[in-house]
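The values are calculated or read from the model by the stated rules, or taken from the named source; none is laboratory data. Nothing here was measured: the structure is a model prediction, and the numbers come from that model. Positions of Cβ are generated from backbone atoms using ideal geometry, with glycine treated the same way; all protein chains shown enter the neighbour counts.
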Amino acid sequence: MADKAFWAHYALEHSTEKEKESEIRRYMEREGIVADTKSARRHWSGEDAFVWETTISDHPLDGAMTQKHRKAEHAANYYNASTFVHCSSPAIDSYCPDEGTPFRLSSSSGLRNTCRSTLFVITVSVRSSIGYALFGMNIDYPARLNMLCQKTLEKLV
């Protein structure tokens with residue numbers, strides 16, 4: 001409904017023909033849609049800080065992990081990784097040209113070697129995602145999958 005409300009707003013806003021606008025309004029009334037752009041941009045849970053609250057919340061699969069551990073894991077796995085997605089100093093350091101050198105397209109300088117940490121975060125995140133999904137379906141985590149994830153992590157160290 002939030003998605004329909006979002007697009008209904010823009011359909012009405014950009015409708016240039018009275019007949020088309022009337023058709024849109026009839027559809028909205030029939031479906032119970034109220035034109036609104038904000039609801040589509042909110043988190044589906046309705047919570048403003050859903051991701052953070054979920055990050056620091058206890059879960060049966062987390063074992064002895066404390067809130068301090070959760071915050072550090074968030075810093076390493078999310079915040080650190082996001083610096084390479086968004087325009088930031090760590091993201092551009094490897095692509096900063098030497099003074100006086102003409103610009104040319106090239107590979108990363110490798111100043112920030114992130115391949116191991118990236119693969120580590122991906123492996124841990126996929127393992128956790130599978131674990132939480134299986135937990136939600138009341139299915140035990142397959143021992144073989146757990147062993148393969150552990151072997152992968154050991155190779156990365």
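Structure data summary
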{"item": "Restricting segment 25-73 to residues that are farther than 18 Å from residue 129 by Cα and of a type in the set (Val, Ile, Thr), the residue that is surrounded by the most Cβ atoms within 10 Å (Cβ to Cβ)", "result": "33"}
{"item": "Some residue of segment 12-31 being small (Gly, Ala, Ser), more than 29 Å from residue 136 (Cβ to Cβ) and free of Cβ contacts under 8 Å to residues at least 24 places away in the same chain", "result": "yes"}
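Residues are listed down the side, and each one gets a yes or a no for (1) outside the structural domain of residue 135 (by TED's automatic domain parsing); (2) under 20 Å from the mean Cα position of the chain (by Cα):
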{"position": "6", "(1), (2)": "yes, no"}
{"position": "9", "(1), (2)": "yes, no"}
{"position": "12", "(1), (2)": "yes, no"}
{"position": "20", "(1), (2)": "yes, no"}
{"position": "36", "(1), (2)": "yes, no"}
{"position": "50", "(1), (2)": "yes, yes"}
{"position": "53", "(1), (2)": "yes, yes"}
{"position": "64", "(1), (2)": "no, no"}
